[in-house]
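Working notes, beginning with the structure itself.
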Amino acid sequence: MSEIGRLLGAGKEAEVFEHGTLALKLYRPGRPKAPAFREAANLAIAEKLSLPAPRVHVVGDYHGRWGLLMDRVTGTSLADEMTPEPPLSAIKEMAALHQRLHREPGIGLPSLKARLSANIERIEPVPPDLRDRLLLALAALPDDDRVCHGDFHPWNIMGSGDGIMIVDWLDACSGNPAADVCRTYLLMRRVLPAIAEAYVVTYAKTAGLTPDEIFDWLPVIAAARLAEGVPEETEDLLHLASLAPANG
């Protein structure tokens, strides 16, 4: 591989750099190889389904860090259109893009319910009785087999028009679209609370759902988020998780 270029973006798990005409996503030092290969596999499924996602060209070790060499997305993120005052057109565009994913079968992707269950099983600050309530609530929620991105929010939607791309496919799963929308709500509610609420209403209206069908997932989605170790969210997530129904 040639030398990497300037930093394009960074998150908790990885950094993205210019690499010629492509982009090189490198997971943080010390991270195992599995996430890189998992994301590459998820992106290969997205490509087969003709979904708006970067194509992967190489998966490998770059100076001790595992990463993916993929198409570089040009343009700004959809989040830039949503601040400080979001136009309804941007929220509708985001909902339509989300529904485009949800129309496709998630064959080959891991089970969303299984991932949520595994995360709830391993979180520490949750007492055993609440954990049992959450697992019962999860089991009672409707399953499905649609493509769910798992990290769908305005900062992961790049470009516009025919060049729009959804990035960060590490957590893609097969499951119920309502759960995926609820995850989007949870990811946006701290930074863009008004937009998060409007997004659920907009998606529900155009998808033939009710907002309640989406918010029914909130306790288990919040509990699973605790396993990701975001300290500033812990108190809020524990409160949301505690809303799990007592009768499951």
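Computed values, structure above
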{"quantity": "Qualifying residue in the stretch 36-44 (condition: under 20 Å from the mean Cα position of the chain (by Cα), within 22 Å of Asp162 (Cβ to Cβ) and open to solvent by less than 60 Å² (accessible area, probe 1.4 Å))", "calculated": "yes"}
{"quantity": "Residues located in the stretch 172-188, provided they are of a type in the set (D, E, K, R) and either more than 15 Å from Leu226 (Cα to Cα) or open to solvent by less than 10 Å² (accessible area, probe 1.4 Å) (or both)", "calculated": "Asp180"}
{"quantity": "Residue in the stretch 108-120 that is within 14 Å of Leu51 (Cβ to Cβ) and open to solvent by 30 Å² or more (accessible area, probe 1.4 Å) present", "calculated": "yes"}
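The values are calculated or read from the model by the stated rules, or taken from the named source; none is laboratory data. Please read these numbers as outputs of a predicted model, since none were measured by experiment. Note: ideal-geometry Cβ built from the backbone for every residue, glycine included; neighbour counts use all protein chains shown. Ligands, DNA and RNA are stripped out before the accessible areas are found, and what is left, the full protein with its side chains, is counted by its heavy atoms. Shrake-Rupley method; radii C 1.70, N 1.55, O 1.52, S 1.80 Å.
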